[in-house]
Amino acid sequence: MSVFNTRPPAYRPGRDVNFDWPTFRGGLNTYLQDTEIARNELAQADNMMLTAGGAPTKRWGSALYHQAGNVTGSVRGLKGFYKSNTTTELLALTDDGYLTARSGASYRTLTGASWGSGPSGVQVYMAQLDDSMYIVNGRRELVRYGNPTLTGFPTISVPVITGASNISNASGSTTKSYRLTAVSQVGETVPSTPFELGNQPTDLGGIAGGVLRLVWTGVSTASSILQGFNLYGRNSGNERFLAFIPGNATIYLDNGSAIPKEFTYPPTADSTGGPIAKYVKRFQDRLVFAGIDGEPSRVLISGRVPNHEKFDLSNGGNYIDIEPDAGDDIVQIEGFSDRIVVFKERSIWEVRLTTEQIGNFFVTVPTLKLITSSIGCIAPASVTSVDNDIFFLSRNGVRSLGYQQGFNFDVLRTNEISVKIRPVFKNLTTMQKQNAVAIYHDNKYIIAFPGKDETYIFDRERLAWLGPWSLDSTVFDVFYDDNNDQHLLFSRESEVLVDEYSETFTDDKGTAIDTILKTRNEDFGDWSLFKNIRNLFIQLRNVTGTVEVTIKLESRRGTSFTATSFNIVPSTGNSGWGADMWGAAEWGDTNAAPGGIDTSFTIRWVNLNKLGRVMSMTFRTTEQAANYELAGIRGDARGAGRGATPGSWRVG
């Protein structure tokens, strides 16, 4: 006869599990699923930023700083101008084509030069050097602002060599070729037609070589504009720089003592009216230009102050072409230590400058080195110096360029820093990427996408992304006013208003900033088990207004449902002995009813006791004054066992 054990099995309660989220310094992570992100990361962080040890809080608000132009169009250029007399001006160029300077809450228009029908969506770049501001936009020649007016640079005509002879009557079997350019305040004409003289000695100088005498016609222009002439020679088709000649001269004697230098060829475009360039940067005591009209792979380098408006060889200027006509145009330039970093669409290069002596002149010699041929920059206005690195937007996301630990100290390397929000950039159109603008302020790299109403920030201190913010921008500038107070300024698409971000503003020019924060989907360490989620504790700091909280669980049907929702308001009041009523009797002398305790911390306990597989929490604010700092969340649950496993999961 069989014997059966009829005793019921001992009760074994589910295992208790806890979670603790003391900080959210990991920031936003949209690359992984909500259940995969770390406990210090966020699934959503609209209009949020981090403070203190990594507590999320509402972003800065914004307010009008001043109006930069007429009522139509957008601001395309914005830059602070800091004069040597310690006064400052805020310059702006709008789509109407006029440069303005801030005057109180409005502006005054600067005269002397304009941009015709306006930049019309073209970004404007400015660089200050030697108490002047230099302005380019790729559509007109270089313009200088030196207060109170703008100044363009007139073009001059090309000189013509009219004759040449060997005054020593020496002869030989070679042909000497010469070309001449005129040099203005800012640039150099294209060279004259080659003048060739046959039957000359191979080497000039002495009795055998003799001396060649060159003659040319002068250039009809004001003596203050014409600075002189540059002479190139001596091999036909390979003429190189020989000498700088004063502007009042029309004769030159070539005795062979000047030695042509490599890579010092005549210019291919007239720059006497100033270069037509898209980009300008100050590099040490020089100006550097790129995006040259007709030469998209050229970097143009000025002489050193006081010759920073001159680009010819005799005044310390030069240029270098980087893989010309290779289908890879220059997108931006940026100084880094002792080199110029050149960003092209699909590659990145560095240019270093040295000097070599040719006769009485010191010629600037640029040398080129490839950093990477696999990555380039797609957004010119995204290139920003960030501490000891350069940040920029590539086609796949934001990257840093700088030194990297473990590699040669003088080698620049690039790394992606936007992996956690890579889907954000993947979902942008090419044009949205190309138009992105960025700034570095308060240890944050801030990148905006004009026309999309979105801005993201990378918190450099915590290495975390937050956003999107619900504003965009066409330009940024960190401006220092006459009191040396710092202002983070920006202007939105289709506006000529310059606004300011500041932690002192609680809204956007009177409009509430709606915030949404969503946590990870917490599975309590086991995604396959359902749990009885019992207690949740929420700690907030500095609560103002109303904070809406929603707790969602995943049910056994596989759907998400709201387990509970509630509002958190600041706890303020006057409870305690001397301030309370006990029924009708007064315990104290205030005749006051009890309230909450005024404290910077607000703690809420949710006794949930509901079944779910995963849990998430969402925090929202919609009021102008509403804000909070999320200082931590913790909770506990108990596993429900396999008996709670949905039958729909079973196979077979």
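The values are calculated or read from the model by the stated rules, or taken from the named source; none is laboratory data. Please read these numbers as outputs of a predicted model, since none were measured by experiment. Please note: Cβ atoms are built from the backbone with ideal geometry, for glycine as well, and neighbour counts cover all protein chains shown. Side chains are part of the model used for accessible areas, which takes the heavy atoms of the whole protein and leaves out ligands, DNA and RNA. Shrake-Rupley method; radii C 1.70, N 1.55, O 1.52, S 1.80 Å.
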- Query: Do you know the relative contact order of the chain, to the nearest whole percent, from alpha carbon pairs under 8 angstrom that are 6+ apart?
  - Reply: 15
- Message: Can you tell me which lysines have their Cα less than 28 Å from the Cα of K176? Leave out same-chain residues fewer than eight positions away.
- Response: K261
- Task: Using a/c under 1.5 as the rounded threshold, could you call the chain rounded, prolate or oblate? The axes a ≥ b ≥ c are square roots of the C-alpha gyration tensor eigenvalues, and prolate needs a/b larger than b/c, oblate otherwise.
- Result: prolate
- Message: Students often check this: by mean Cβ neighbours within 10 Å, which of 611-620, 17-26, 168-177 ranks highest, and how do the rest follow?
- Response: 611-620, 17-26, 168-177
- Message: Run the simple label-point estimate for V190 and T202 please: 7 Å along Cα→C-beta, distance reported in nm.
- Response: 3.5
- Message: Quick check: with the 1.4 Å probe, what order do S600, S528, S648 take by accessible area, largest first?
- Response: S648, S600, S528
- Compute the signed sum of charges (Lys and Arg +1, Asp and Glu -1) over the other residues within less than 13 Å, Cβ to Cβ, of T193. -1
- Note on the structure: Along segment 243-253, Karplus-curve 3J(HN,Hα) (6.51, -1.76, 1.60; θ = phi - 60°) to the nearest Hz, with x for Gly and Pro, reads 6, 9, 10, x, x, 8, 8, 10, 9, 9, 9
- Can you give the charge dipole size of segment 156-275 about its Cα centre, rounded to the nearest 20 debye, using +1 on the beta carbon of Lys and Arg and -1 on the beta carbon of Asp and Glu? 120
- Per DSSP H run of at least 4 residues, take -39500 (n - 2.57); add these up for the chain, divide by its residues and hand me the 222 nm value, nearest 500 deg cm²/dmol. -500 deg cm²/dmol
- Query: Can you list the lysines whose alpha carbon is less than 23 Å from that of K83, not counting same-chain residues fewer than 8 positions off?
  - Reply: K281, K310
- Of the options I375, W649, V75, report the single residue whose Cα projects farthest towards the positive end of the charge dipole of the chain (beta-carbon charges: Lys, Arg +1; Asp, Glu -1). W649
- Message: Using +1 at the C-beta of Lys and Arg and -1 at the C-beta of Asp and Glu, which of N315, L150, F537 has the Cα lying farthest in the positive direction of the dipole of the chain?
- Response: F537
- With the dipole of the chain worked out from charges on the C-beta (+1 for Lys and Arg, -1 for Asp and Glu) around the Cα centre, which of S62, G639, L32 lies farthest toward the positive end? G639
- Task: Would you work out the charge dipole size for the chain about its Cα centre, treating the Cβ of every Lys and Arg as +1 and the Cβ of every Asp and Glu as -1, and quote it to the nearest 20 debye?
- Result: 2240
- Message: Please compute the per residue accessible area over segment 123-221 with all protein chains in place, 1.4 Å probe, rounded to a whole number of Å².
- Response: 41
- How much accessible area does L553 have with a 1.4 Å probe, in Å² rounded to the nearest 10? 0
- Task: Just flag the GluC sites (Glu not before Pro) in segment 192-265 sitting in loop per DSSP whose Cβ has no more than 15 other Cβ atoms within 10 Å.
- Result: E262
- Net charge near L611 (other residues with Cβ under 9 Å of its Cβ; Lys, Arg +1; Asp, Glu -1) is +4
- Ignoring any ligand, DNA or RNA, what whole percent of the accessible area of the chain comes from carbon and sulfur when the probe is 1.4 angstrom? 48
- Lys pairs, segment 392-479 - Cα-Cα below 19 angstrom, 8 or more residues apart or on other chains: 4
- Search the structure for amide H atoms under 5 Å from the amide H of G359, placed 1.01 Å from N in the peptide plane, and list their residues when 5 or more places away or on another chain. I259
- Query: Of the listed peptides 311-320, 45-54, 345-354, what is their order by residue-averaged count of other C-beta atoms within 10 Å, with the highest listed first?
  - Reply: 311-320, 45-54, 345-354
- Message: Accessible area per residue for segment 279-324 in Å², computed with a 1.4 Å probe and the full protein assembly in place, what is it?
- Response: 32
- Item | In segment 456-543, the chymotrypsin sites (Phe, Trp or Tyr not before Pro) that fall in loop regions by DSSP, at most 12 other Cβ within 10 Å | W527
- The rounded separation in angstrom of the Cα centers of segment 635-652 and segment 441-459 is 43
- Query: Taking the Cβ of W527 as the center, what net charge do the other residues with Cβ under 13 Å away carry, scoring Lys and Arg +1 and Asp and Glu -1?
  - Reply: -3
